[in-house]
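> This is the structure, below, for whatever I ask next.
The values are calculated or read from the model by the stated rules, or taken from the named source; none is laboratory data. Quick caveat: nothing in here was measured; it's all calculated off a predicted structure. Cβ coordinates were reconstructed from backbone atoms using ideal geometry, including for glycine residues, and neighbour counts include every protein chain displayed.
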Ligand SMILES: NC(=O)c1ccc[n+]([C@@H]2O[C@H](COP(=O)([O-])OP(=O)(O)OC[C@H]3O[C@@H](n4cnc5c(N)ncnc54)[C@H](O)[C@@H]3O)[C@@H](O)[C@H]2O)c1
Ligand SMILES: O=C(O)[C@H](O)COP(=O)(O)O
């Protein structure tokens, strides 16, 4: 029988997304919006998937009530400030959003807010419907040839810049993470600092995410850098602008006007800005268009289905999205790194202190996809795979691509990545080095042209094997007859050896044996193997 998955939709999303979930065989959907926290805690353990917008806070406390069942949180929209991605990652939960689904809605709302602020449209409207024909009080601010400063030239910032160019504005931007070429292609002049931008422009519009770095990025000092009579627009996130400082600058007349869609605390029905004459506010409506709500709901529903049904999916802000986006040659390395990690993890019997992953060859200089996702600890995806592989033999189910780096960090393991453009013997290779208090172990792997992945070095032994578990690996004194005894023990246990390789130490006193065993060697057989005279140590590498 097909596996059944339960999905909870806890915020209002378009019916189209709900229909998509409902039509998918094996998916049961409950739409329960406006639940109290207690109600949510009481039911969340019944669900495999959770679909939200910005009203449901997915924090540690909620995640603690999931009892390990929840596999995916899908955000119908962009902002993830209501989701504790790290806490979800530690639990192995995929967090995904739909960052492109409402870009144009937010862009158009920005333009609407900007124009409304320039012409004080809401106030003029209220005056007329109040029975006054007042044409004098509303002298507008023309955008033509004025200077617009875009803070954050990402998806929405870029689209706003394009539209502002349509109004023949001179557009400037501040965004330390984008290339000058991208700005130039948009006809935008990228400035080197926020201060420089503020000193240059007449209008600013914010389009950054809310991060520790952007929180409070515009305060009293920054507002003072703007020319008198400037206009400020924020359709991005509350908290980017200090609301009290914005209030004071509007009140003093330093600013001509502000247009604000997002607030420190939402719902913002008693916000300090609401009493001002020269401010235009909307209740977080940036994404509220029919088209964008259908977009984000359908996108999130499809991706949640894909996660639950183990299909390739997009939009995850933690590691799995990386895997599905990797080019084929990188994918082979990703799988190899995990298998190599598993070999080392199976051979290590004490606490790991350091783990280094060394990438050799120009292949790893290539970009493997846009870094708009949150790879845990910002590691290379292959490193994440390696860490998962290392931890798995000791943790089994408790480790995932998402949680592995966090588990390592919590255990105090120092993780280091190194890239070396030249590779001497192979076009490219990956080395994993693991240090414990008493030993250092290392493994090197490469991928040959025909996508054949091999381990080419294990500790100090040159080897050549496919790290496909289950395997038996042993180190032994180099003596006559030992291999025969090992093979006999394996044969007696009904193990059919599919590949065997013996690799001598360069000094010739010891050797390393690698056996692909087809089935895992039992604990009892391992004990007997370890007792064979000359065997220094034997390890089983299990597939699960
Ligand atoms: N009001 C709404 O309803 C609504 C709707 C959609 C999106 N949003 C918000 O709009 C914002 C932008 O969304 P997006 O899709 O364009 O995101 P994006 O990730 O495409 O772009 C954000 C840009 O900000 C830049 N940035 C990051 N830190 C910066 C800093 N310190 N200084 C300057 N630039 C910085 C990034 O480099 C990036 O280019 C987000 O906060 C999002 O949550 C609001
Ligand atoms: O981050 C977003 O996508 C927007 O701020 C929209 O949020 P909402 O889905 O709560 O309207």
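> Picking from 33, 66, 56, which residue would you name as being in a loop (DSSP other than H, G, I, E, B) and over 21 Å from residue 287 (Cα atoms)?
Criteria check complete, one pass: 66.
> Restricting the search to segment 85-109, which residues are within 16 Å of ligand 1 (Cβ to nearest atom) and in contact with a strand residue (DSSP E or B) (Cβ under 6 Å, 6 or more places away or on another chain)? Write out each step before concluding.
Of the residues in segment 85-109, the ones within 16 Å of ligand 1 (Cβ to nearest atom) are 85, 95-109.
Scanning segment 85-109 gives 85, 95, 96, 97.
> Please determine, by comparing only the residues of segment 1-18 that are over 22 Å from residue 285 (Cα atoms) and in contact with a helix residue (DSSP H, G or I) (Cβ under 8 Å, 6 or more places away or on another chain), which one is surrounded by the most Cβ atoms within 10 Å (Cβ to Cβ). Steps first, answer last, please.
Let us first name the residues in segment 1-18 that are over 22 Å from residue 285 (Cα atoms), namely 1-8.
Filter once more, keeping what is in contact with a helix residue (DSSP H, G or I) (Cβ under 8 Å, 6 or more places away or on another chain): 5-8.
Numbers: 5: 22, 6: 17, 7: 24, 8: 22.
Of everything passing the filter in segment 1-18, 7 is surrounded by the most Cβ atoms within 10 Å (Cβ to Cβ).
The rows are residues; the columns are (1) more than 23 Å from the chain's Cα centre (by Cα); (2) within 16 Å of ligand 2 (Cβ to nearest atom); (3) under 22 Å from residue 237 (Cα atoms); (4) outside any helix (DSSP H, G or I).
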| residue | (1), (2), (3), (4) |
| --- | --- |
| 181 | yes, no, no, no |
| 184 | yes, no, no, no |
| 197 | yes, no, yes, no |
| 205 | yes, yes, yes, yes |
| 208 | no, yes, yes, yes |
| 211 | no, yes, yes, yes |
| 214 | no, yes, yes, yes |
| 221 | yes, no, yes, no |
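> Determine which single condition residue 305 fails, assuming it passes every other condition in (1) within 16 Å of ligand 1 (Cβ to nearest atom); (2) touching a residue at least 40 places away in the same chain (Cβ under 8 Å).
Condition not satisfied by residue 305: (1).
> Hey, among 406, 426, 401, which residue is buried (at least 16 other Cβ atoms within 10 Å of the Cβ), at pLDDT below 95 and either in the same structural domain as residue 508 (by TED's automatic domain parsing) or part of a loop (DSSP other than H, G, I, E, B) (or both)?
Numbers: 406 fails: either in the same structural domain as residue 508 (by TED's automatic domain parsing) or part of a loop (DSSP other than H, G, I, E, B) (or both); 426 fails: buried (at least 16 other Cβ atoms within 10 Å of the Cβ).
So the residue among 406, 426, 401 that is buried (at least 16 other Cβ atoms within 10 Å of the Cβ), at pLDDT below 95 and either in the same structural domain as residue 508 (by TED's automatic domain parsing) or part of a loop (DSSP other than H, G, I, E, B) (or both) is 401.
> Report the residue count in segment 86-104 for those that are within 16 Å of ligand 2 (Cβ to nearest atom), modelled with pLDDT under 90 and surrounded by fewer than 20 Cβ atoms within 10 Å (Cβ to Cβ).
1
> If residue 65 passes every condition in (1) under 13 Å from the mean Cα position of the chain (by Cα); (2) away from ligand 2 (no atom under 16 Å from the Cβ) but one, which one does it miss?
The number of the failed condition is (1).
> May I pose another question? Among the residues of segment 354-398, write down those that are more than 20 Å from residue 336 (Cβ to Cβ) and modelled with pLDDT of 80 or more.
Of everything in segment 354-398, just one residue is more than 20 Å from residue 336 (Cβ to Cβ) and modelled with pLDDT of 80 or more, namely 354.
> If you go through segment 32-84 one residue at a time, how many are farther than 21 Å from residue 295 by Cα, surrounded by 22 or more Cβ atoms within 10 Å (Cβ to Cβ) and within 16 Å of ligand 1 (Cβ to nearest atom)?
1
> Return yes or no: is residue 120 within 15 Å of ligand 2 (Cβ to nearest atom) and either out of contact with any strand residue (DSSP E or B) (no Cβ under 7 Å at 6 or more places or on another chain) or within 21 Å of residue 262 (Cβ to Cβ) (or both)? Spell out how you get there, then give the answer.
Values: within 15 Å of ligand 2 (Cβ to nearest atom): no; either out of contact with any strand residue (DSSP E or B) (no Cβ under 7 Å at 6 or more places or on another chain) or within 21 Å of residue 262 (Cβ to Cβ) (or both): yes.
No, not satisfied.
> Identify the residue in segment 110-127 that is within 14 Å of ligand 1 (Cβ to nearest atom) and surrounded by 23 or more Cβ atoms within 10 Å (Cβ to Cβ) and, among all such residues, is farthest from residue 300 (Cα to Cα).
Step one: filter segment 110-127 for residues within 14 Å of ligand 1 (Cβ to nearest atom), giving 110-114.
Narrowing further to those that are surrounded by 23 or more Cβ atoms within 10 Å (Cβ to Cβ): 110, 113-114.
Details: 110: 24, 113: 28, 114: 30 Å.
Step by step, filter segment 110-127, then rank; the result is 114.
> In segment 248-263, what residues are farther than 18 Å from residue 119 by Cα and touching a strand residue (DSSP E or B) at 6+ places or on another chain (Cβ under 9 Å)?
Once the filter is applied, which keeps residues that are farther than 18 Å from residue 119 by Cα and touching a strand residue (DSSP E or B) at 6+ places or on another chain (Cβ under 9 Å), segment 248-263 yields 249, 262, 263.
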